[in-house]
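Here the structure is laid out as structure tokens; the discussion comes afterwards.
Where a number appears in this text, it was derived from the coordinates with a stated rule and is not lab data. Since the model is a prediction, treat every value here as computed from it, not as a measurement. Cβ atoms come from the backbone with ideal geometry, glycine included; neighbour counts cover every protein chain shown.
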Amino acid sequence: PDGDDNRYQIRQLMQEWAYQHQGLSMQQELHWKSIEGRDSGATRDIFGGYFQAGWFPASRWQSLPEQWEVATRVGYVDTDFEGLDTGEVAFVTNWFLNGHRNKLTAEAAWLRTIDEDDEITANDWRFSLQWEISI
């Protein structure tokens with residue numbers, strides 16, 4: 001939906017958790033959103049989520065930097081209005097400059113999109129570098 005918020009009735013739920021202990025980290029999110037057009041009455045649902053498991057190598061080898069994390073992420077999004085399911089498997093490395101408030105992330109992600117006829121419409125790699133700053 002774009003523009004005027006009065007054109008849509010949106011219902012959504014989100015659930016998440018995170019855990020870190022002795023050099024291991026895990027996090028997970030699930031999202032569900034239902035969008036109903038006030039004029040048309042048409043409803044569209046979106047469902048998705050991800051799970052990420054990480055490890056701080058310095059927890060095993062003290063000579064390595066404590067702020068370095070390696071991780072793997074698996075994600076999925078189902079959009080019934082586009083008839084597409086999208087999944088990803090990502091290999092991630094994080095460098096925490098100031099905890100989660102200031103970090104660098106580099107990732108390589110394999111993405112696959114499948115249409116409503118179970119045909120693969122995209123099968124690509126994405127490489128990204130991100131600097132995240134939270135105030």
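Arranged from highest to lowest average of other beta-carbon atoms within 10 Å per residue, in what order do the peptides 34-43, 48-57 appear?
48-57, 34-43
Taking the Cα centre of the stretch 1-66 as reference, the dipole from Cβ charges on Lys and Arg (+1) and Asp and Glu (-1) amounts to some 200 debye.
Give, in nm to one decimal, the length gained when the segment between T43 and R126 is fully stretched (0.36 nm per residue of separation minus the Cα-Cα distance). Could you put the intermediate results ahead of the total?
Numbers: separation 83, 0.36 × 83 = 29.88 nm, distance 3.14 nm.
Extra length from T43 to R126 when fully extended: 26.7 nm.
Within the stretch 45-99, which GluC sites (Glu not before Pro) sit in a loop by DSSP and count at most 15 neighbouring Cβ atoms inside 10 Å? Sparse-neighbourhood loop GluC sites (Glu not before Pro): E66, E82.
Counting other Cβ atoms within 10 Å, which GluC sites (Glu not before Pro) in the stretch 90-129 have at most 14 and lie in a DSSP loop? Don't skip to the answer; put the middle values down first.
On the way: sites: E107, E116, E119; in loops: E116, E119.
When the GluC sites (Glu not before Pro) of the stretch 90-129 are filtered for loop state and at most 14 Cβ neighbours within 10 Å, E116, E119 remain.
Can you bin every Cα-Cα distance in the chain into 5 Å intervals starting at zero and give me the percent of pairs per bin, rounded to whole numbers? Going out from 0 Å in 5 Å bins, the chain shows 2, 9, 13, 16, 16, 14, 12, 8, 5, 2, 1, 0, 0 percent.
Over the C-alpha atoms of the stretch 1-72, the Rg to Rh ratio, Rh being the Kirkwood estimate, stands at 1.30.
Please give me, ordered by residue number, the trypsin sites (Lys or Arg not before Pro) of the stretch 45-135 that lie in loop per DSSP and have at most 11 other Cβ atoms within 10 Å. Qualifying residues, ordered by number: R60, R101.
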